[in-house]
Structures are given as structure tokens and as C-alpha cells.
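> What follows is a single structure, and I will ask about it in a moment.
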Amino acid sequence: MFKTKKLEKQLQIKEQKVKKSSVNIQEQKELLEAEKIYRRGAIFVKDLISPSAYRVESSFLRLNDKFISTLYVVTYPRFIQIGWFAPVINYSIPLDVAIYYYPVDSPKILKKLKNKVGNIEAQLSLDAEKGSPRDPQLETALSDIEQLRDNLTQGVERFFQIGFYVTIYADNKEDLDKRLETVENIFGSKLIFTKRSLFTSKQGFNSTLPMGNDELYIVSNMNSSPASASFPFISSELTSNDGILYGINRHNNSLILFDRFSLQNANSVVFATSGAGKSYAVKLEVLRSMMLGTDIIIIDPEKEYEHLCEAVGGTYINLSLNSESKLNPFDLPRGLTKEMRIGDIIRSAVITLKGLTRLMVGDLTHLEDSIVDRALVETYAKKDITEDSDIDNIESPLMKDFEEVLEGIQGGENLAQRIKKYTEGTFSGLFNSPTNVNISNQLVVFSVRDLEDELRPIAIYTIINYIWNIVRSSMKKRILIIDEAWWLMQHEDSAKFIFSLVKRCRKYYLGVTTITQDVNDFLISPYGQAIVTNSALQLLLKQSPAAIELIQKTFLLTQEEKYLLLQGKVGQGIFFAGNKHVAIQIEASYTEDQLITSDPRQLLEIEAAKKEFEQLNRIQN
């Protein structure tokens, strides 16, 4: 009786469970149906990104109004260089790239390589027995396989199978074919063979989606080193932990922060057409470099730096025939180390002054060159400046002394007459007086705007020589800026002097910036080309069509970079630092812009505001 009641109770519990489960199943069905109804009316991300039309052809894919086709790499050359894929990445078309890396166990590969080595050695031995000529291809293959075996055994390399796919987009079939052909040619120029995904266009497109599904699975065998070189995404970053802000990286809107003194040399060249923003960019660098304690010396041919100099409390030296500022070309550097011999310093000065003499009187014959050389040595000797002198306590000779020495040398009378216009004639007010300028300020600007065109190269040459003497006398972190440097490139002696300065300045913690808008005159000169080669920092802004071919050849620019320089706006260009370069947009803050602008309208507005402010001050006082 007891057992019967217990069984009945168990049966009742089971019946209740069955009823509950049937209720649960019914509820689940109702929930699923409700979920389906809800999803029909809901919008998800995939609904937003999915195409409205999709059509598969044998050689391409039609996705909405876009035509799509995929290339895959079949074979690689024996050697590939790092960044070989950069030309395709830089090709300004929409494309997707997918690279699939499939690791392969080294023991399996080593076993296959061992068999391959045996086959090749057997073939070589057979050829040798037959007396056949050596086969360089087989010998090279054997050498490569043996090296790979060593690297795999030592764990230096790993082995992969790699699938490399590129999907290209276009608005019509003709454009698609052109783009495919261009990309194929780029690959072909690297000796890399590609094929189009015929009858597998859908699989090719799916393989380059960000889903990680390789539906093509067309792979090539490759070890670690070339596999890493195949990584296509070359960084466009050009920044460092130290230095100043040069501008905005137009590739990715990052900051271009750089210290020019961290490179192999601190020299810089700036090329641009008039109004492209070259002086603006250089002034911005001046302001920001001064904040880091760098001394700046500027040679200003057009009085563009006067407002900036006045704003930061710099020294502005205006050189002209009637100005009170004088420079003596015969000055020698003072305070040099004991390691530098006085005789070498005098000889260096004589060579520099011979170049200045050629600028002043024109070309010299061999006899005249010899006379000038002797006269310059005697001019210094006239003031008791010899190899035994203490040059820290001397009185430098003047141009008049040089003229008098020439008059006393047989054959030098004609040269003395040609020098006389710089001592007594029209140009006597500039080079025949002791130096009375002081460049101890952090910013010093030499203006030559008020000089006649004939005197400008001579004056700039003299200024640079004077600055060079100061630089050698005391080592400090300095930047020398030579604006409109093409003035000096027109004369061989001055061009040679600038080139010598650019080559030697690194030892004295000096960086030379040469700026020019006449690119052809500068680069055609062999010294101009050498100056560019010896400048680790280069800034190219907008260029004229007449100069762009020479610029492209000199700086090895791509077609896209060439068009960027032709069509760029003010302040846009290409910034080179060592082996790297990026597209740059030069940006200044409002305060910086007010200090460095060269726009005549802005300058007039600033001048008017300044006068109004001064008037208000007078009224209040």
C-alpha cells in the first residue's frame, strides 16, 4: 500500500514537469516569433553598410555603382627590398589590401629542403661527369637553400605561406582596367608577377574584407625576412621627442616635431616661388628655435625680418653706403684655441679675401692672382700680423692699406686703381672702416636692402665671412639664415665660399639655412647641388612649372609629389629630414602670425594699430 502511494506521487510530479516543459516550449516559440517580428522592423549596422545591388561577373564585381576587381601575387623575385609595396600604397586610388600569413612547421620544411638539396647536388654531379658547363642558376639555388636551412635550424628564420591580395575600385569598367594595368606595372617593375582573379572575383573581394576569410588561398612560400619586407604600411610619421614644431603632417594630421641638430648636420635648404610662404616658414622656425636658446643670425635682402627682430628685442644692422654700421673684411677671428695655428688662420683669411677681390674687381689673370696673394700677405704684415703675432691684441688692416700695398708692387698699379672706388670713390663708405657692429644678441639681422645690386654679393660675402669669424671664435648653438642665396650662386667665388661654410659648420655647432626662389640658378650651379647634398633638412613649398622638372630630378620626387608642389596652397609642401619626408602644412598661432607675417595688408593693419595705440598712450599721459 505504501509503495503504491509513493508511485502515484512520483507520477504526479512527472506530469507536472511535462506540463511545465510544454508551457516553456510554447513560451519560447512565442518569444522567437516576437523576436523575428521585431528584427524585421529594426535597423542594424549590417543593414546600413550592405550594398543595395550586388552582381558577379567573370572578371569583376559590381557593387552598387562601383566596379571591383582583385589582383593576387603569384611569384616574387630572389630579393625584395623593404617598403617595395609603397608605390602602390601611395597610388592615390581606393584599394583594399589583405595579407595572410600561414606559419609552417620548420621540421617539415627542413625535410623537404634536405630532399631538394640532394636532388640539386645529384644534378650538379651528373653535369660534372658529363663535362657540361656549370649551371649558375642551380648553384645559386643550392647556396640559397643551404643558407635557409641554417637559418631555420638556428631559429633565426621561420617559414610561412603568404597570400597577398589587392582589391581595386573604380567608377566604370574602363577606369578599372586602367588602374589594374597601372598596379600590375608597378608590381612588374619590382619583378613581382600578379594575376587577376578571373571567375573568382567574388572570392577575391571577400578575401580582402576585414573578416579574415581567405577564400582564394593562393599562397607563396617565404621565410621571415622577405615576409616582413612585404608589410605594406610604411609609417608617415616624422616626429621626435626633442625639437620644435615645423608643421602638421598632411598624411595623418600628426605633428612634425624635429631637432635639426640631431641629424648628421644641421643645414637646411628652402625652395619655393615668391609668395609661397618660405620666409613665413623660416621666421616661424626662428621664433620657436629662440625659445630653446638657439642664437639666430639672418642675412635679410628685402627687410622682411625687421618687424620680427623689433618684436623680440633683436639687433637689426642696416648696411648701406651711408649707414653708421661698418664691417672690415680684413678682420680675423679672435679667442681661438691654441690648437689652431696663427699661420693657418692668416692663410685662410688671404684665400677668403682673394675671393672678395674677384667679386670687387672682376676676374683675375694668373699674374694678377699672384700679385693679389702677395699683396694680402704684406697688408697683414704691415700691421705686424704674422705667424708669431697674438691676434687677440692686433689692429686689423683696412682696404686702404691693401690699396697702398698694391701700388707699391710692380704690376699692381692697375689693380690698385680698380680697388680705389672702394676706398675713395662711390663705394668708399662700406668696406674701408673698422668693424663697429655688435652681434652679441640672440637674434641679429643684417639688412642689405638699401645696397645697390652691384654691391649686394660683395656685402653678403663680407657679412658671412664676419659671421664665420665670430662662429669660430666662440662655440654656441647657432643658426645662420641666408635669404635669397641665389645672389651668391651667380659668382663662383661666393658660391664656393658658401659651400665651404656648409661643409665645415657642423664642427662649430652651426646650422646654415639657404633660402631661394630662383631654383634653376641655384641648382644648375655645381656648388648649389653640393649644398643641397650637404643639407640634412630640406623644405620644398609651391614651385613654378619652369623649375619643377629640375626639382623632381634633384629630390627624386614621385609624380604625386610633383603635382603636390605645383598645386599646393601657401604653406603647403614637402618636408625632408634625412631619409624621410612627408607632406607638410605650416601652421602658426595668432600671436606668431602677427609677428612673422610678410603680407603687406597685414603689415599696414599692424602699423596702423601700433600708431593708434601710441596715440592713446600720449592722450592718457
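Just so you know, all these numbers are worked out from the coordinates, no wet-lab data involved. Small disclaimer: the values here were computed from a predicted structure and weren't measured. Neighbour counts are summed over all protein chains in view; Cβ atoms, including those assigned to glycine, are modelled from backbone coordinates with ideal geometry.
> Each label point is 7 Å from the Cα along the Cα-to-Cβ direction; what then is the distance between the points at Arg418 and Asn520, in nm?
Inter-label distance under the simple model: 3.0 nm.
> Need one number: nm distance between label points at Ser132 and Tyr217, each 7 Å from Cα along Cα→Cβ, rounded to one decimal.
3.7
> Same structure, new question: Read phi for every residue in the stretch 258-266 and hand back ³J(HN,Hα) as whole Hz from Karplus 6.51 cos²θ - 1.76 cosθ + 1.60, θ = phi - 60°, with x for Gly and Pro.
Each residue of the stretch 258-266 in turn: 8, 10, 5, 7, 8, 8, 5, 8, 9 Hz.
> What is the list of residues in the stretch 262-303 whose amide nitrogen lies under 19 Å from a point 7 angstrom out from the Cα of Asp450, following Cα to Cβ?
Under 19 Å, as judged by backbone N against the label point of Asp450, lie 298-303 of the stretch 262-303.
> Moving on. Within the stretch 328-434, how many Lys pairs that are eight or more residues apart, or on different chains, come under 16 Å at the alpha-carbon?
Counting lysine pairs in the stretch 328-434 gives 5.
> Mean Kyte-Doolittle of at least 0.0 and a Cα length of 20 Å or more along the axis: which whole DSSP H helices of the chain meet both?
Span-like helices here: 342-361, 456-473.
> Another question about this same structure. Rounded to a whole number, what is D in µm²/s for the stretch 507-581 from Stokes-Einstein with the Kirkwood radius over alpha-carbon pairs (20 °C, 1.002 mPa s)?
Reported coefficient: 164 µm²/s.
> Please report the base-10 log of the normalised intensity I(q)/I(0) for the stretch 474-540, using a Debye sum with one equal scatterer per alpha carbon and no solvent, at each q in 0.18, 0.19 (1/Å).
Log10 of I(q)/I(0), two decimals: -0.62, -0.68.
> Of Lys278/Lys326; Lys278/Lys580; Lys283/Lys507; Lys66/Lys202, which sit over 18 Å apart, Cα to Cα?
Beyond 18 Å: Lys278/Lys326; Lys278/Lys580; Lys283/Lys507.
> If packing is taken as the average count of other Cβ atoms within 10 Å, what order do 540-551, 265-276, 131-142 fall into, highest mean first?
My ranking of the peptides, most packed first, is 265-276, 540-551, 131-142.
> Tell me, what is the percent relative contact order of the stretch 328-434, built from C-alpha pairs under 8 Å that lie six or more residues apart?
In percent, rounded to a whole number, it is 32.
> Grab the Cα-Cα distance for Gln594 and Val104, subtract it from 0.36 nm times how many residues apart they are, and report the gain in nm with one decimal.
Full-extension gain reported as 170.1 nm.
> Can you compute the helix-only [θ] at 222 nm over the chain? Use -39500 (n - 2.57) per DSSP H run of at least 4 residues, normalise by all residues, nearest 500 deg cm²/dmol.
It comes out at -15000 deg cm²/dmol, rounded to the nearest 500.
> May I pose another question? Can you work out ³J(HN,Hα) from phi for every residue in the stretch 511-517, in order, using Karplus 6.51 cos²θ - 1.76 cosθ + 1.60 and θ = phi - 60°, giving whole Hz and x for Gly and Pro?
Once θ is set to phi - 60°, the couplings for the stretch 511-517 become x, 9, 10, 10, 10, 8, 10 Hz.
> Amide H neighbours of Ile296 under 5 Å, at least 5 residues apart or on other chains, H built in the peptide plane: list them.
Under 5 Å from the amide H of Ile296: Leu443, Val444, Ile479.
> Another one. Using modelled amide H (1.01 Å from N, peptide plane; none on Pro or chain starts), what sits under 5 Å from the amide H of Asn267, excluding residues fewer than 5 places away?
The answer is Val512, Ala536, Leu537.
> Residue by residue, what Karplus-based ³J(HN,Hα) values in Hz, rounded to whole numbers, does the stretch 213-229 have, using 6.51, -1.76 and 1.60 with θ = phi - 60° and x for Gly and Pro?
For the stretch 213-229, the Karplus-derived couplings read 9, 8, 7, 7, 6, 10, 10, 10, 7, 7, 8, 4, 4, x, 5, 5, 5 Hz, x marking Gly and Pro.
> Are there GluC sites (Glu not before Pro) in the stretch 381-421 that DSSP puts in a loop and that have at most 12 other Cβ atoms within 10 Å, and which ones?
Loop-located and lightly packed - Glu387, Glu395.
> When N is the residue count of the chain, what does its C-alpha Rg come to as a fraction of 2.2 N^0.38 Å?
Ratio of Rg to 2.2 N^0.38 Å for the chain: 1.49.
> May I pose another question? Subtracting the Cα-Cα distance from 0.36 nm times the residue separation, let me have the gained length for Ile25 to Asn438 in nm, one decimal.
That pair, Ile25 and Asn438, stretches by 138.9 nm at full extension.
> Let me ask another. How big is the stretch 54-229 on each of its three principal axes, counting only the C-alpha atoms and giving the largest first in Å?
64, 34, 29
> Also, quick follow-up: Once you put a point 7 Å from the Cα of Ser274 and another 7 Å from the Cα of Gln615, both along the Cβ direction, what distance in nm separates them?
3.3
> Can you give the extra length, in nm with one decimal, that the chain gains between Gln147 and Lys36 once fully stretched, where that is 0.36 nm per residue apart less the Cα-Cα distance?
33.8 nm
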